[in-house]
Amino acid sequence: MSHNAELIAVGTELLLGNIANTDAQMLSKGLSALGINVFYHTVVGDNPERLKAAVALAKTRADIIITTGGLGPTCDDLTKNVLAECFGKKLVYDEESAARIRAYFDRLHTSRPMTENNLQQAYLPEGCTILSNDWGTAPGCAFEADGVHVIMLPGPPSECAPMFEHRAAPYLRSLSDGTIASRTLRIFGMGESSVEARLRDRMNAMRNPTLAPYAKTGEVELRITAKADTLGEAQALITPVEKELCAMFGPLVYGADVESLEQVVAMHLKLKGLTLGCAESCTGGLVAKRMTDLPGASAVFKGGIVSYTNEVKQGVLGVPRELLQEYGAVSEQVAAAMARGARKVLGCDLALAVTGVAGPDPDDRGNPVGLVYVALAAPDGVRVRTLHQGMGRERIRITSASHAFDMARRWLTGLPDGE
């Protein structure tokens, strides 16, 4: 049976824009991986009547309602009370949950005694499945009533994410009469509309498995989802589709079930025993940041130089003054010289360099916004990729850094370079 879910985030601070609703993004991705459709996101303030109205509407269009927030100890934490009323359930005191709350304060708040209002969190809808919270105080819960499955999760992302993964997801899997498996292919070098155009007829004809594209900045995810009696059978349904897509998009597919281009680059660097460094101008250290965000990056990443001015390009990287004067900082020649200089200065096997115009205005030589040169210096020479990108300073920086990683990825895997 296919399930449809609606997410209801409770909290006036969300409506005021004080915090972003990152829970909804996390939950939508997690539910998609479980094969559960999410058709609506609702945000409602800390108001019981408006929350009742939101729940009443959700009951007409979803068979799973997941709420986030409003489970705390203060007077505006009203989610449990309202949801219990909407579904005709009493709230009953759960001693085990109360004991867990006391233990939490004993363990983490020894200098501050627990106030009694915290025990409000131990009142839960009668007959519910209690979702214990090992990451905070407020337990979640799940129950079925009026033909709808209701799941309540705490709002703080540091609690909501593990609660979904370790408590709610197993509960949701139990609703299915089979097993759902998914595989995500990552594509770099083709836009979502072009990918979708090539796959539209194929996707419309698919029933099991299904295929769905998801756009990211400069990238596309293709998620294959299959359902079968067993995990092995579901994966067997996915395999031929994965092979077909890899054949169709070729070197544009940079990985399956991987997080990022830089993760793939780091993996191949480790396998080959090589190191990487970088010199950046318009990306301002983004290549280095993305590498150092990876756990264990120190094993393969030597460092980065932000050569934002010509003085640094010349004085640190050794870019010849004549090149800067003749071609300008935004040029193929200077990008190549930056990469060679970074490889020498940092003592790395591979060096990436980025120089370009991120905007908002053209540079002093009239180079347009979005013109970027990305270079890779390797033991067998230097190659340069020329990019002509659309407007948007942050997008230009992100995609330029991704192109740099793509160049390294292609060299490391023996693929020809391509824009």
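Could you pull out the pairs from LYS272/LYS344; LYS29/LYS80; LYS216/LYS270; LYS52/LYS227; LYS59/LYS80 whose alpha carbons sit more than 23 Å apart here?
On the way: LYS272/LYS344 20 Å; LYS29/LYS80 25 Å; LYS216/LYS270 26 Å; LYS52/LYS227 35 Å; LYS59/LYS80 16 Å.
With Cα atoms farther than 23 Å apart: LYS29/LYS80; LYS216/LYS270; LYS52/LYS227.
Check the cysteines of the chain one by one and keep only those with no other cysteine Cβ under 4.7 Å from their own.
CYS75, CYS86, CYS160, CYS246, CYS278, CYS282, CYS348, each lacking another Cys Cβ under 4.7 Å.
Just in the range 188-238: which trypsin sites (Lys or Arg not before Pro) are loop by DSSP and have at most 11 other Cβ atoms within 10 Å? Don't skip to the answer; put the middle values down first.
Details: sites: ARG198, ARG200, ARG202, ARG207, LYS216, ARG223, LYS227; in loops: ARG207.
Filter output for the range 188-238: ARG207.
As I understand it, the value is the acute angle between the Cα axis of helix 192-205 and the longest principal axis of the Cα atoms of the chain; what does it come to in degrees, rounded to 10?
50
Where is the GNM fluctuation largest for the chain (alpha-carbon springs, 10 angstrom cutoff): LEU153, LEU346, LEU14?
LEU14
Could you provide, to the nearest whole Å², the per residue accessible area of the range 125-280 with probe 1.4 Å? Before the final figure, lay out the partial values.
Details: 6750 Å² over 156 residues.
Using a 1.4 Å probe on heavy atoms only, each residue of the range 125-280 averages 43 Å².
Accessible area of the range 198-310 with a 1.4 Å probe: how many percent of it is carbon plus sulfur?
Values: 2910 of 5350 Å².
With neighbouring chains kept in place, the figure for the range 198-310 is 54 percent.
Could you tell me how many degrees, from 0 to 90 and to the nearest 10, lie between the Cα long axis of helix 332-346 and the main elongation axis, the longest principal axis, of the Cα atoms of the chain?
80
Would you kindly calculate the translational diffusion coefficient of the range 163-305, applying Stokes-Einstein with the Kirkwood radius from alpha carbon pairs, for 10 °C and a viscosity of 1.306 mPa s, and quote it in µm² s⁻¹ without decimals?
Numbers: Rh = 17.5 Å.
Diffusion coefficient, whole number: 91 µm²/s.
Filter the trypsin sites (Lys or Arg not before Pro) in the range 364-419 down to the DSSP loop ones having no more than 15 other Cβ atoms within 10 Å, then list what survives.
Loop-located and lightly packed - ARG365.
Can you compute the charge dipole magnitude of the chain about its Cα centre, using +1 on each Lys and Arg Cβ and -1 on each Asp and Glu Cβ, nothing else charged? Give it in debye, rounded to the nearest 20.
Here the chain has a charge dipole of around 980 debye.
So how do 72-84, 308-320, 328-340 stack up, highest first, on mean other-Cβ count within 10 Å?
328-340, 72-84, 308-320
Full extension from SER158 to ASP380: what is 0.36 nm times the residue separation minus their Cα-Cα distance, to one decimal in nm?
Working: separation 222, 0.36 × 222 = 79.92 nm, distance 4.62 nm.
The span from SER158 to ASP380 would gain 75.3 nm if fully extended.
Send over a whole-number figure in Å² for the accessible area per residue of the range 298-419, probe 1.4 Å.
Each residue of the range 298-419 exposes 45 Å² on average to a 1.4 Å probe.
Could you grab the relative contact order for the chain? Cα pairs under 8 Å, six or more apart, rounded to a whole percent. Don't skip to the end; give the middle numbers.
Details: 797 pairs, mean separation 42.1, N = 419.
In percent, rounded to a whole number, it is 10.
Describe numerically, in nm with one decimal, the distance between label points set 7 Å from Cα along Cα→Cβ at ALA169 and at THR74.
Label-label distance for ALA169 and THR74, simple model: 3.1 nm.
Hey, could you pull the Cα Rg and Dmax for the chain, both in Å?
26.2, 80
How much FRET efficiency would the formula 1/(1 + (r/R0)^6) give for ALA53 and GLU311, where r is the Cβ-Cβ distance and R0 is 56 Å, rounded to 0.05?
Between ALA53 and GLU311 the formula returns 0.35.
Note the angle between two axes, namely the Cα long axis of helix 95-108 and the longest principal axis of the Cα atoms of the chain, as a number of degrees from 0 to 90, rounded to the nearest 10.
Here the helix axis deviates by roughly 40 degrees.
Counting only the heavy atoms of the protein chains, how much of THR292 is accessible to a 1.4 Å probe, in Å² to the nearest 10?
Around 90 Å² of this residue is reachable by solvent.
Using helices alone, I'd like the mean residue ellipticity at 222 nm for the chain: each DSSP H run of four-plus residues gives -39500 (n - 2.57), total over residue count, nearest 500.
After summing the helix terms and dividing by the residues of the chain, the value is -11500 deg cm²/dmol.
At a 1.4 Å probe, what is the % contribution of carbon and sulfur to the accessible area of the range 48-108? Intermediate values should be presented prior to the final figure.
Values: 1620 of 2990 Å².
The C+S portion of the solvent-accessible surface of the range 48-108 is 54 percent.
If you stretched the chain out fully between VAL92 and GLU322, how much longer would it get, using 0.36 nm times the residue separation minus the C-alpha to C-alpha distance?
74.9 nm
With label points built 7 Å along Cα→Cβ from the Cα atoms of GLU259 and ASP361, find their separation and express it in nm.
3.9
Rg/Rh for the range 155-230 to two decimals, with Rh computed the Kirkwood way over all alpha-carbon pairs.
Result for the range 155-230 is an Rg/Rh of 1.07.
If R0 is 45 Å, what FRET efficiency do you get for ASN37 and GLU332 from their C-beta distance, rounded to 0.05?
Result of the calculation: an efficiency of 0.40.
Could you tell me the ratio Rg/Rh of the range 22-85? Both radii from Cα atoms, Rh via Kirkwood.
Here Rg/Rh amounts to 0.98.
The values are calculated or read from the model by the stated rules, or taken from the named source; none is laboratory data. All figures in this text were calculated on a predicted structure; none of them were measured in a lab. Reconstructed Cβ throughout: ideal geometry from the backbone, glycine too, with neighbour counts over all protein chains shown. Surface areas here come from the heavy atoms of the whole protein model, side chains and all, with no ligands, DNA or RNA. Shrake-Rupley method; radii C 1.70, N 1.55, O 1.52, S 1.80 Å.
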